[in-house]
Protein chains: 2
Amino acid sequence: MELAAAKLKFIEAWGKLGSEWGINRTMAQVHALLLISPEALTTEEIMETLSISRGNANMTLRDLIGWGLIEKQHKAGERKEYFFADKDVWNIARQVAKERKKRELEPVLKVLNELSSVQGDDKDPEYKTFKKSITDINKLAGNVDKTLETMLKAEESWFWGSVLKVFK
Amino acid sequence: MELAAAKLKFIEAWGKLGSEWGINRTMAQVHALLLISPEALTTEEIMETLSISRGNANMTLRDLIGWGLIEKQHKAGERKEYFFADKDVWNIARQVAKERKKRELEPVLKVLNELSSVQGDDKDPEYKTFKKSITDINKLAGNVDKTLETMLKAEESWFWGSVLKVFK
DNA sequence: TTAAAGTTTCAAAAATTATTGAAAGTTTAT
DNA sequence: ATAAACTTTCAATAATTTTTGAAACTTTAA
């Protein structure tokens, strides 16, 4: 396969994966494009390569900055803004984990904790079933949360070394 | 908080979490409803409780069965079908991990492997950057895959015991 | 067989989400 | 102060996803 074709295929695959995981396709594609670009790119270049509008490009780039996945760069003597992606895949994974934990996991944990304190009659099957499911989900979510917390602080080699060693 | 209100809140929260993670809101809500129901429910009861149409309920229930999260039950002497959710949260997590691994992770791993074999000139920064990103993502995805694989086979207590022990 | 009870299907409609593009805004240089 | 270069905003539109509901289908019992 040609490099040019391979790049397109990667952008497409990354976009598809993103859209399956609640990240808008265009955002994932822009990220993919920047991930495989040795140089920072301008909005124009991104619009052109992915055939998207200026407005879309601008919003998407802003979101990616918000996720901590790319940064603006300026070149001496130029007005244009350039965008450059962090290429460290472990940083990317941590960044995504951090944001999704904050935006999605934590709000749910908060609700689950509230629901955990609902009182009722242990003889009532409705209450018993509710209570047990909430408690179990809460425990699992707590473990996920702790593991992500560790991941956020860890070096990649240490993290996978530790996790995979256990599973031999 | 009243049990009835708490149930609604749980259904809503579970639906929101689902929709943020690429699972249709109604499907997550039906799952939530069955998770906190001690008894199996009929299509009618589900339609009624969640205010959804028969067609939607039917399709959603079929999908949930496809995900291995609920099962049909029949009561002696009745024509109606009842639906019952597996209440074991670790089973649920494994089942979801299994399906998403198969449907989403594996196809991407396949593409990444193809892309890994693209040849090029190591002096070409375009090629070098592409190669490095693909290789790194491939390694990370491989580790995730291995960990999920272990999770699928493991008992909950063993799995979290092992993972969390490392992180003390 | 027939009809009642129940389930499934799927084209059309509704709801949601993403994208466009042009106008408004900003910054810089002269 | 003006204009050129560039960025941001957002109402309107397009695309996608979800839901509806009625017709078709299936199963069971009389």
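The values are calculated or read from the model by the stated rules, or taken from the named source; none is laboratory data. What you are looking at is a predicted structure, and each value in this text was computed from that prediction instead of being measured. Here the Cβ positions follow ideal geometry from the backbone for every residue, glycine too, while neighbour counts run over all protein chains shown. These accessible areas exclude ligands, DNA and RNA; they are computed on the full protein's heavy atoms, side chains included. Shrake-Rupley method; radii C 1.70, N 1.55, O 1.52, S 1.80 Å.
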Fill in: Net charge dipole size for segment B:3-85 [Lys, Arg +1 and Asp, Glu -1 on Cβ; Debye, nearest 20]
60 debye
Response to the item:
In terms of the charge dipole of segment A:1-53, which places +1 on Lys and Arg and -1 on Asp and Glu at the beta carbon, the residue among A:ASN24, A:MET1, A:LEU34 farthest towards the positive end is A:ASN24
Worksheet entry | Shielding by partners - mean other protein chain Cβ count within 10 Å, residues of B:156-162 | 3
Fill in: Per residue accessible area in Å² of the protein assembly as shown, where ligands, DNA and RNA are left out and the probe is 1.4 Å
53 Å²
Fill in: Interface B:A - total buried accessible surface [probe 1.4 Å, Å², rounded to 100]
5000 Å²
Fill in: Proximal charge balance of A:ASP121 [Cβ under 13 Å; K/R count +1, D/E count -1]
-1
Worksheet item: What is the magnitude of the charge dipole of the protein assembly as shown about its Cα centre, with +1 placed on the Cβ of each Lys and Arg, -1 on the Cβ of each Asp and Glu, and no other charges, expressed in debye to the nearest 20?
Response: 460 debye
Practice prompt. Take peptide B:80-87, look around each residue's Cβ out to 10 angstrom, count Cβ atoms belonging to other protein chains, and average those counts.
Written response: 1
Discussion item. Taking just the alpha-carbon atoms of segment B:3-85, what radius of gyration and Dmax come out, in angstrom?
Written reply: 12.3, 41
Item to complete: For segment B:3-85, calculate the relative contact order in percent as a whole number, restricting contacts to Cα pairs under 8 Å that are 6 or more residues apart.
Response: 26 percent
Worksheet item: Other chains near B:110-118: what is the mean number of their Cβ atoms within 10 Å of each residue's Cβ?
Response: 4
Practice prompt. Please state the charge dipole magnitude for segment B:96-146, taken about the Cα centre, from unit charges on C-beta atoms (+1 on K and R, -1 on D and E), reported in debye and rounded to the nearest 20.
Written response: 340 debye
Discussion item. How charged is the neighbourhood of A:ALA5? Take every other residue with its Cβ under 14 Å from the Cβ of A:ALA5, and add Lys/Arg as +1 and Asp/Glu as -1.
Written reply: -2
Worksheet entry | Rule-of-thumb Rg ratio for the protein assembly as shown [Cα; 2.2 N^0.38 Å; N residues] | 1.14
Item to complete: Rank B:ILE65, A:LEU148, B:PHE130 by how far each Cα sits towards the positive end of the charge dipole of the protein assembly as shown (+1 on Lys, Arg Cβ; -1 on Asp, Glu Cβ) and give me just the farthest.
Response: A:LEU148
Worksheet item: Can you pull the percent of segment A:89-166's accessible area that's carbon plus sulfur, 1.4 Å probe, other chains left in place?
Response: 56 percent
Worksheet, complete the sentence: Heavy-atom accessible area of segment A:3-85 with neighbours in place, 1.4 angstrom probe: carbon+sulfur share in percent works out to 51 percent
